[in-house]
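Student: After the structure tokens below, expect a handful of questions from me.
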Amino acid sequence: MKKLIICLYVLAAMFSMAHAAPFQTLGMLRTPDAYVLPNKSAELLLVGYYRDFKEGYANDKYSGITPYGMIGVGILDRIELGFFGGDDVYFMNAKIKVLQETPKIPQLAVGMDNIFSPVNHRRAQDYKPGLPPDPDWEYADHPDKTDYEYYSPYAVISKQAVLGGLSWMFNLGYGSNRYTGQVPRSRVFSGGFASIEVSPFRNFAVQSEYDGKDFNVGMKYSIKNFTIKAAGQSVEDLAKKSEGNQLNKNVRVAMGISYLFDKYAESQRRPDLSRYAKTTDLQGTGITPETEVPVGVGSEVAIATPGTTTTPEIVGSSAYKELSPEVKDLLAELRSLREERQKAQKALEDLRKWLQELQEQQ
């Protein structure tokens, strides 16, 4: 019940503020994580993006619904390339995995956003909100020009964890250009970004991030290879009504759907959380490590007597409450497999006894 209340509260806050951001490739909402698509896989994202500005110097031509798309591809389980097209811009993102995540060490990646972007007139530090736009620059009145700023390098670390029975992901990084704030308050942590993702239910996750200048929230729901996404940007603008401006009335709403093509992939974007049930993260839970699971070799099948083979233990009730939904699903599958194996062993034992009786009769 506590999980449900938290999710409803976050969703209500998101839709009540109606400030949403276009989704970026290679990570969270507008910030990257350190994970990469597996080799021989690709992900396609299509987005409908609605904008309506009541304050600022954005041109009215950018108001309304803007469709755009992105596609990401994984190379050698170490490199991910993303391609963006729409909203009068185009660019490529690239990310390289430097350090693989382990149960105790976070994953590390470096990357470059907005490669070849046409928004290349000046640095984010040079923008002066409130001043008339530069008449000689095509993107001077584009409402999202700072997010499309060309050649924005970054480094990021990511770590998964199971805390309080929930699956968490933490990201922390530093970048330049599009990650840099334009006003004094935004420049306190200028260039730094951080994000958190928590999964209270299977296939559902809530996201929150600071992208270097704004605080954003979002959610996603996965159905097999499909993922439905929604997000909210600049939640701090909700508190600016008292400043006498109309920033709290600006509307940017985006919803997207993605599909993961992973038929030929042999790994996952993120390490499977069930690995934490097989390592020191959950020592004492009684879950058998992968190296201890018996594996058949060759074409011969041995008839085992019940009780002679090891069966993965199921964790106790106290430890079970602390596990993530993914690990609980894994344990349910282990129980089912154990029951099926016991039935097969019983059938084989009956067959062995029957064969012995036939031999004695002869």
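Student: Taking the stretch 232-259 on its own, how many of its residues are surrounded by 19 or more Cβ atoms within 10 Å (Cβ to Cβ), assigned to a strand (DSSP E or B) and modelled with pLDDT under 80?
Tutor: Result for the stretch 232-259: 4.
Student: Could I ask something else about it? Among all residue pairs at least 6 apart or on different chains, which show Cβ distances below 7 Å where the first residue, located in the stretch 193-211, is over 20 Å from Ser176 (Cα atoms) and the second is among the acidic types (Asp, Glu) and assigned to a strand (DSSP E or B)?
Tutor: Ala205/Glu197; Gln207/Glu197
Student: If you check Ala161 against the conditions, is it touching a Gly at 6+ places or on another chain (Cβ under 8 Å) and either at pLDDT 70 or above or within 24 Å of Asp113 (Cα to Cα) (or both)?
Tutor: no
Student: Can you confirm whether the stretch 75-84 contains a residue that is modelled with pLDDT of 90 or more, at negative phi, in a loop (DSSP other than H, G, I, E, B) and not aliphatic (A, V, I, L, M)?
Tutor: Yes: one or more hits.
The values are calculated or read from the model by the stated rules, or taken from the named source; none is laboratory data. Note that the coordinates shown come from a computational prediction; the quantities given were computed from them, not determined experimentally. In this analysis, Cβ positions are derived from the backbone assuming ideal geometry, glycine residues included, and neighbour counts consider all displayed protein chains.
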